[in-house]
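This report refers to the structure that appears directly beneath it.
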Protein chains: 2
Amino acid sequence: MSEVKDYIEANKDRFLEELFGLIRIPSISSIEAHKDDMYKAAQYWKQAMLNAGVDKAEVMETKGNPVTYAEKIIDPALPTVLVYGHMDVMPVDPIELWHSKPFEPEIRDGKIYARGADDDKGQAFMHAKAFEIMNKTGKLNCNIKFMIEGEEEIGSPNLGEFCKEHKDMLKADIILVSDTGMIARDIPSITTGLRGLSFMEIELTGPNKDLHSGLFGGAVANPANVLTKIIASLTDGDGKITIPGFYDDVIEVSDEERKEMAKAPFDLEKYKKNLDIDVVDGEKGYSTNERTGIRPSLDVNGIWSGYTGEGAKTVLPSKAYAKVSMRLVPNQDNKKISELFIKHIEAIVPPTAKVKVTALHGGQGYVSPIDMPAYKAAELAYTEVYGKTPVPTRSGGSIPIISTFEEILGIKSILMGFGLEEDAIHSPNENFPLENFYKGIETIVAFYKYYHTS
Amino acid sequence: MSEVKDYIEANKDRFLEELFGLIRIPSISSIEAHKDDMYKAAQYWKQAMLNAGVDKAEVMETKGNPVTYAEKIIDPALPTVLVYGHMDVMPVDPIELWHSKPFEPEIRDGKIYARGADDDKGQAFMHAKAFEIMNKTGKLNCNIKFMIEGEEEIGSPNLGEFCKEHKDMLKADIILVSDTGMIARDIPSITTGLRGLSFMEIELTGPNKDLHSGLFGGAVANPANVLTKIIASLTDGDGKITIPGFYDDVIEVSDEERKEMAKAPFDLEKYKKNLDIDVVDGEKGYSTNERTGIRPSLDVNGIWSGYTGEGAKTVLPSKAYAKVSMRLVPNQDNKKISELFIKHIEAIVPPTAKVKVTALHGGQGYVSPIDMPAYKAAELAYTEVYGKTPVPTRSGGSIPIISTFEEILGIKSILMGFGLEEDAIHSPNENFPLENFYKGIETIVAFYKYYHTS
C-alpha cells in the first residue's frame, strides 16, 4: 500500500485544509439560526465530492436540512458501498471552556481542535479523501455512493423519509460509517453494537407566575422541588430505572458473551483518572463496559428553573424544565420507551403541578453481525494498517439512523470508527488526532481492497 | 387631616415624578455591574431628603453599597423615629415576561408598573413625602432619621457593621419600616412577625468535563441526577424538612394563638385562582397562612445543569448547581441552620460527586410585640385612614436586618406595610397601586400624630 501512503504524504496539507474549510462552517443542527450554515455545509460537501471525481453530486432537499448525495458507478455488476456520514455538529456551549474558537480549527500537540473535528466532519471527510485516492490512483474497485446528512445530532428526523423516497438511488451492498470510536490510539476496534435513544423534555408548571419565596414558600408547591423528586425517583439505589415496563424487552447477554467482552483491554484506573472521579457508578452487577455497552441508562442532559445568575434571588419559580435521555439496548423500542416514560411521568406528577412531556427524538439500537463479509474486510484492513486484529466492541452511543437503514433499505452497516475517548466529542475542546485522520484514510482504502475480494 | 389630604392632592403628580426618578435607576444589588447605579440611587435619596427639608443628608460608605442617612432633630427631648428602607431592587429576569420595561415606570389601571414600584422604592419613598408634608405644614412633632440602605435584597451583609459604627447617630425610640404587605386593598394589617432566611448554593462536580451521554451514560454518575436525589431528599412526604436538627429550635405556636390567627380573613379559593393552582401544598397539619407565617420552609430558588437551550444535546454534564433557601421562624438561628445544611449535604453526597456548599446570605426572624406604643399608634393611624382596625399578621417573608437592629441598636421595629399580594414583587410586572402609595403617605403622617401622644 505504499502508493496510498505516498499519496497521503504528498497531499496531507491539502487534505487538512479541505477539512478545515468544512469545519469553519458552524453547522449546528439543533439551533434554528444556523439553518443557512447547513446549506453551506451541504454545498461544501458537493464541491468536495466533485473535486474528488464522482460522476454526480447534488444537494437534495428534505423536510429539514439538506442531504448531499454523490456517486460513482464504475460497473453495475460490482458491489456497491454506501458511505454515510453527517455534516451537522453539536452546539458549542459552555463556550467559555474552549481554549480556541470552536469553528476555527487549530492544531495543538498533533490534534485538530474544533467542533466537528472528530464528530463527524473529521471522520466523514476521511471517506471523501479515501475515495479521491482510489479514484486518482486507479484502485477503485466498487461502485461508491455518499449520503451525508445534516440532522444526525438531532436524531435524523427526516432521513428515514429520504431513504424511503430514494430507495433505488441508495441501493447498496453495505453501508460504511465512521462515526464511532476505537479503544485506544494503538488498539483498533470495530463497533458491533449501538444503543438506542429516547430523548425527552419535561416541563413542569406550578403557580402561574414566579412568586416571592418568603411570602409563598411552604404553602405553594415549588415546581423545581417537585421536579427533583420526579427525576430522583426514576432510578433506584441499585442504579435500575424504575419506569414500569422499562426492562421488558431487554435481552440479557449470556455469561459466555459477557466473558468474551470482558477480554477487551480496559484500564479502570486510567478511566477514572481521565475523568477525575473517585468511583464509577451505575447498575449493580455490571462492569463499566457492560453498563455502557449492553445495559440501558437514564441521564439528565439538562435541567433549569428559577434564578440561575450571580448571587441570590428569593424566587419560587413558576416553571421547571429537564431534558432527560435514555440509552436503550437492542430489542428495546424507542417509541415504546418514550411512551412508557410519558405515561409514567404523567402518573407520578403530584396534583400540585401540571406536566408536559415531549419526546424530542429517538432511535433504535443496532447490532452488527461479525460474520458478514464487510466485517471481515474491515478486520483485515485494520490488521494491515495497525498491525493488530481489531476488537469487536459495543458502544454506548447511538446512531439512531443505522437501525432505520436496515429497516427501510434492508442494508447492514459496518462501523469503522477512528475516534478516541479523549476526543471530547459533544464537549468543549473537541479534538481529533492527525494520526487517526491519516491512518483512517489508509484503513478505509484497505477496506475496499479486502471487501472487493471477499 | 384634611390639610394632609389637600397637600397630597396638590402635589400628587410631583410626588410620583420624584418616585419615578428613583425607579429609573436600575439599582440591582446582586449584580456587580450595577455598582454605579447604587451610588446614583444613594445620591438621589440624599437630594430628595434635602429637598424635603432635613437638616442634613449624606451618602455614607460601607464595605458594600452606600447608605443614605438623613435627619431632622427638632428637639432632643422629643421621641425619635428612625425610618428604614432600601433603595436596591431584585434582578428583572425573566425579562421577556414583562409587559413594559422594568426601569421605565408606567401607569396602567391605576397601578405603577416597574421593578421597585412596591419593593421597596415605592414604599420607602412614601416616608420621604410624609416627612415633607409634616415639615412643610408644621406638623412635625418628633425627631426623624432616615437610613436607606442598598443591600437589603442580598441580605444586608454590611448594615450590621454600619449600625455598630454609628450607634449614636442612629439612636431612636422606634424604627419605622414599610417593606411588607397588607391583607387586601381594604383590609389593613400590621406585620408582627417575619421569617428568617438561610440562602445556600450547592455546586456538584462529577466528571472533570462534559461527557457524551451515550458513551459514558450508565457508567459515570451524572451530577444532575445526583443533585435531584440530594434535593428531593431534603423534604419528606409530609412536607417536613429532613435536615437533622432543623426543627430543634422552632417554637410551636399555641393552639390558642393559632385560633386567633385563623380569624384573619383568607379566601383559599381566591388564593388558588390567583395563582392558577389546583391545590395548595406544604407541611401536614398546618393551614396555608400557618405554613408561611409560623412554619419554616425550603425552596429551590434556582437549579441548572447541562444543556438548557433549544432542542437536544446528549451531554452528561460535569457540573450541577442549585440555589436553595430556607425560611426560618423566630428562635431558629440562621447561622446554625446554614451550618446544619452544609453538614447534612456533605454527609449525604455520594462518593460519585464532589460538593461545595456556600451560604450566600441569611438573617434572623423577628416578632414585634403588639403592646408597644408604636404598634398602638400604627393601629390608630390605619383605623383613621382605612376606617378599619388593622389585623396583626405574621409574614412569610424576611427582612433579615430587622432582628439585627434589635440586637445591635436595641430598638424595636414597627412594620407598616402597604404592599398587596398581587404586586408581584421579585417577579415580572411588579406593581404598586397609586391608591396605596397616596393612602400610605396619609397613614404614615397619622402614625406620627398618634405616636407623639402615646
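No lab work stands behind these numbers, since they all come straight from the coordinates. Fair warning: this is a prediction, and the values are worked out from it, not measured in the lab. Glycine also receives a Cβ, built like all others from the backbone with ideal geometry; neighbour counts cover every protein chain displayed.
Each residue of region A:394-399 is assigned a 3J(HN,Hα), and the resulting list reads 9, 8, x, x, 10, 10 Hz, derived from the Karplus form 6.51 cos²θ - 1.76 cosθ + 1.60 (θ = phi - 60°), x at Gly and Pro. Work the Kirkwood hydrodynamic radius out for region B:207-348: mean of 1/r over every pair of different alpha-carbon atoms, inverted, in Å. That comes to 18.1 Å for region B:207-348.
Seen from B:His127, the other residues with C-beta closer than 12 Å to its C-beta sum to a net charge of 0, counting Lys and Arg as +1 and Asp and Glu as -1. Amide hydrogen proximity for A:Ile411: with H placed 1.01 Å from N in the peptide plane, the residues at 5 or more positions away or on another chain lying under 5 Å are A:Glu406. Note on region B:362-454: Rg/Rh from C-alpha atoms, Kirkwood Rh, equals 0.98. For region A:1-155, build the charge dipole from Cβ charges (+1 Lys, Arg; -1 Asp, Glu) around the Cα centre, then report which of A:Leu78, A:Ile154, A:Ser27 sits farthest towards its positive end. Towards the positive end, the residue furthest out is A:Leu78.
Averaging the sequence gap over all C-alpha pairs within less than 8 Å and six or more residues apart, then dividing by the number of residues, gives region B:317-454 a relative contact order of 27 percent. With its label point defined 7 Å out from Cα along the Cα-to-Cβ axis, A:Asp186 lies at 8.8 nm from the matching points of the other copies, in increasing order. Here, region A:101-164 has an Rg and a Dmax of 15.3, 44 Å when only alpha carbons are counted.
Between this copy and the others, label points of B:Thr389 are 9.6 nm apart in ascending order, each placed 7 angstrom from Cα in the Cβ direction. Only one residue of B:Thr314, B:Ile230, B:Tyr451 has its Cα farthest out toward the positive end of the dipole of the protein assembly as shown, where Lys and Arg carry +1 and Asp and Glu -1 on Cβ, and that residue is B:Ile230. Computed from phi, the 3J(HN,Hα) profile of region A:138-149 under the Karplus parametrisation 6.51, -1.76, 1.60 (θ = phi - 60°) reads x, 9, 5, 10, 9, 6, 9, 10, 10, 10, 10, 9 Hz, with x in place of Gly and Pro. Along its three principal directions, the equivalent ellipsoid of region A:375-424 from the Cα gyration tensor extends over semi-axes of 23, 17, 8 Å, largest first.
Rg to Rh ratio, region B:412-454, alpha-carbon atoms and Kirkwood radius?
1.10
If a/c stays under 1.5 just call it rounded; otherwise compare a/b with b/c (prolate if a/b is bigger, oblate if not). Do that for region A:189-267, with a ≥ b ≥ c from the square roots of the Cα gyration tensor eigenvalues. Prolate, because a/c is 1.5 or more and a/b exceeds b/c. Each principal axis of the Cα cloud of region A:134-280 was evaluated for its coordinate range; sorted largest first, these ranges are 78, 44, 33 Å. Taken as Cα centroids, region B:207-226 and region B:345-417 sit 43 Å apart, rounded to the nearest whole angstrom. Sorted from closest to farthest, the other copies place their B:His99 label points 5.3 nm away, with each point set 7 Å from Cα along Cα→Cβ.
What the Cα atoms of region A:10-138 give is an Rg and a Dmax of 15.5, 54 Å. Kirkwood radius, region A:65-112, all distinct C-alpha pairs, inverse of mean reciprocal distance: 15.1 Å. Calculated mean residue ellipticity at 222 nm for chain A: -11000 deg cm²/dmol, from DSSP H runs with n ≥ 4 weighted as -39500 (n - 2.57), summed, divided by the residue count and rounded to 500. Round to the nearest 0.05 the FRET efficiency obtained for B:Asp238 and B:Glu310 when R0 = 45 Å and r is the Cβ-Cβ distance. Efficiency, from the Cβ-Cβ distance: 0.70. Put a plus charge on the Cβ of each Lys and Arg, a minus charge on the Cβ of each Asp and Glu, and nothing anywhere else: the dipole of region B:291-371 about its Cα centre is then about 220 debye. One chain, two ends: B:Met169 and B:Lys270. Fully extended at 0.36 nm per residue, the span grows by 31.7 nm beyond their Cα-Cα distance. Near A:Leu340, once Lys and Arg are set to +1 and Asp and Glu to -1 for all other residues with Cβ below 13 Å from its Cβ, the sum equals -2. Between B:Lys63 and B:Ile348, the FRET efficiency estimated from the beta carbon spacing at R0 = 30 angstrom works out to 0.30. Backbone phi angles across region B:101-116, fed through the Karplus curve with coefficients 6.51, -1.76 and 1.60 (θ = phi - 60°), yield HN-Hα couplings of 5, x, 10, 10, x, 9, 9, 9, 6, x, 10, 8, 9, 4, 5, x Hz in residue order; Gly and Pro are listed as x. In vacuo Debye scattering of region A:258-341, one point per C-alpha: log10 I(q)/I(0) at q = 0.18 Å⁻¹? Once normalised to I(0) and log-transformed, intensities are -0.96.
Looking at the protein assembly as shown, send over the antiparallel percent of its DSSP beta bridges, to the nearest 5.
Taking every DSSP beta bridge within the protein assembly as shown, about 70 percent pair in antiparallel fashion.
Using only side-chain charges placed at the Cβ, +1 for Lys and Arg and -1 for Asp and Glu, the dipole size of region A:113-218 relative to its Cα centre rounds to 460 debye. If you wrap the tightest convex hull around every Cα atom of chain B and split its volume per residue, you get 155 Å³. Distances between placed amide hydrogens fall under 5 Å for A:Ile112 paired with A:Phe432, A:Leu434, all partners being 5 or more residues away or on another chain. Amide H contacts for B:Thr180 (H built 1.01 Å from N in the peptide plane; partners 5 or more residues away or on another chain; cut-off under 5 Å): B:Gly417, B:Phe418, B:Gly419.
Here the protein assembly as shown is described by how far its Cα atoms reach on the three principal axes: 110, 50, 46 Å, from widest to narrowest.
Look at where the Cα atoms of region A:180-201 and of region B:60-102 average out, and the two centres are 59 Å apart. The label point for B:Arg108 and the one for B:Asn135, both projected 7 Å from the Cα toward the Cβ, are 3.5 nm apart. Calculated on the alpha-carbon coordinates, the convex hull of region A:105-211 measures out at 235 cubic angstrom per residue.
If R0 equals 35 Å, the separation of the Cβ atoms of A:Lys40 and A:Asp371 corresponds to a calculated FRET efficiency of about 0.25.
Given +1 at the Cβ of Lys and Arg, -1 at the Cβ of Asp and Glu and no other charges, the dipole of the protein assembly as shown around its Cα centre is 100 debye to the nearest 20.
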